[in-house]
1. Looking for whichever is aliphatic (A, V, I, L, M) and more than 25 Å from E44 (Cβ to Cβ) here; the options are A244, A252. Which one fits?
2. From the residues in segment 230-253 that are over 19 Å from L150 (Cα atoms), small (G, A, S) and outside any helix (DSSP H, G or I), which one is nearest to the ligand (Cβ to nearest atom)?
3. As an exercise: evaluate L142 against (1) more than 20 Å from the chain's Cα centre (by Cα); (2) among the aliphatic types (A, V, I, L, M); (3) not assigned by the TED database to the domain that holds A68 and give the number of the one condition it does not meet.
4. Any residue at all in segment 287-294 that's out of contact with any His (no Cβ under 6 Å at 6 or more places or on another chain), aliphatic (A, V, I, L, M), away from the ligand (no atom under 16 Å from the Cβ) and farther than 21 Å from I110 by Cβ?
5. Mind checking which pairs have a first residue in segment 242-267 that is within 16 Å of S300 (Cβ to Cβ) and a second that is of a type in the set (D, E) and modelled with pLDDT under 95, Cβ under 7 Å, 6 or more apart or different chains?
6. Out of the helices (runs of 4 or more DSSP H) lying entirely within segment 132-229, which hold 2 or more residues that are on the phi > 0 side of the Ramachandran plot and more than 15 Å from the ligand (Cβ to nearest atom)?
7. Identify all residues within segment 204-218 that are touching a helix residue (DSSP H, G or I) at 6+ places or on another chain (Cβ under 8 Å), within 12 Å of K175 (Cα to Cα) and not hydroxyl-bearing (S, T, Y); write none if there are none.
8. Given segment 25-127, what helices (runs of 4 or more DSSP H) lie entirely inside it while holding 1 or more residues that are within 13 Å of the ligand (Cβ to nearest atom) and either in contact (Cβ under 8 Å) with a residue 24 or more places away in the chain or in contact with a strand residue (DSSP E or B) (Cβ under 7 Å, 6 or more places away or on another chain) (or both)?
Amino acid sequence: MYQGLLEKYKELLPVTDKTPMISLYEGNTPLIPLTNLSKELGIELYGKYEGLNPTGSFKDRGMVMAVAKAKEEGAKAIICASTGNTSAAAAAYATRAGLKAYIVIPDGKIALGKLAQAVMYGADIISIQGNFDQALKAVRKLAETEAVTLVNSVNPYRIEGQKTAAFEVCEDLGKAPDVLAIPVGNAGNITAYWKGFKEWNELNQTGLPRMHGYEAEGAAAIVQGKVIESPETIATAIRIGNPASWELAENARDESKGKIDSVTDDEIINAYRKVAAMDGVFIEPGSAASLAGVIKDIKSGAITKGETVVCVFTGNGLKDPDTALEVTEIPISKMDDLEDMKKHLQAGVGKL
Ligand code: F0G
């Protein structure tokens, strides 16, 4: 029976005899063939649906490892800055491990579902007027002097846990895809996937993908080559102007002969709606940056017809119902009479 990531990949992770084997049965997420989009786009497209992790995002992979190591090393508490998903995962795994979780979030800029999770898992929530980058600066300072272990992706155990997603992609496809398309915020995940693909290839000769990372245009520090002081995007998950793993992301791009590009909020929203409406996969706006980038790259020729492309769908759409309802006309017809309902159905599909 599947027992979670630490157990499954213990030989490839920094797991020792002393590591507590905590788990919420994270990982093992489906690689969903996006058959309708594949037809429209002329490629073989898959979604690595990380929204099906226990707290609804890929962060569970890194957090199970980071929290287990913090516990192993005798920590009493963990701390992180977050745009919402890291804090939800930190809070859940801290609870499992019997640690206290402090989370620092940008006031009013995290999706409602993510905040609800932190509240329910029992985190100590600190809200700042500043943005994610300022929150990260604060927690890095606090972790130097206070009795708390930092679990942002600057903690190397986070990257170790997150690299397992690349293992799963290779196991499912039997090889690496031609292109791995991924949203970029703080740039930890693109770093982790690249590490995972390289390690898996060493062991299993599965080849390497071109890494295509996509930032939101209003927060595209790596693309513009400069820190963005006031990042803005509808995709609050990746509203980050000074990515901590900047250089590592550039390494992944260069070593893999890939690219890091930006996508506009309109492109993000278009992709966000399209994958739900065409292939039945509801992802959060930040996650849709991967698909938005793929659509852009097919137009420009950076991805060619027939290629195998995996989009990392980092978080579940249910995290952010507000955005879903804001960007869509809500097609609800009000009626109570059965005859009216019959007429409505017949207008749609005809008579039996
Ligand atoms: N997608 C989602 C849904 C995210 O929550 C994040 C990051 C990313 C993509 C980008 O990943 O930072 O490794 O490049 N969320 C962090 C958080 C910042 O606090 O939850 P990255």
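The values are calculated or read from the model by the stated rules, or taken from the named source; none is laboratory data. None of the values given here were measured: they were computed from a predicted structure. Cβ sites come from the backbone with ideal geometry, for glycine too, and all protein chains shown count toward neighbours.
1. A244
2. The selected residue is A235.
3. Status for L142: all satisfied but (3).
4. No, that holds for no residue.
5. Partner pairs satisfying both residue conditions: none exist.
6. Where helices (runs of 4 or more DSSP H) fall fully within segment 132-229, none carries at least 2 residues being on the phi > 0 side of the Ramachandran plot and more than 15 Å from the ligand (Cβ to nearest atom).
7. N204, G207, L208, P209, listed by residue number.
8. 59-72, 85-97, 112-121
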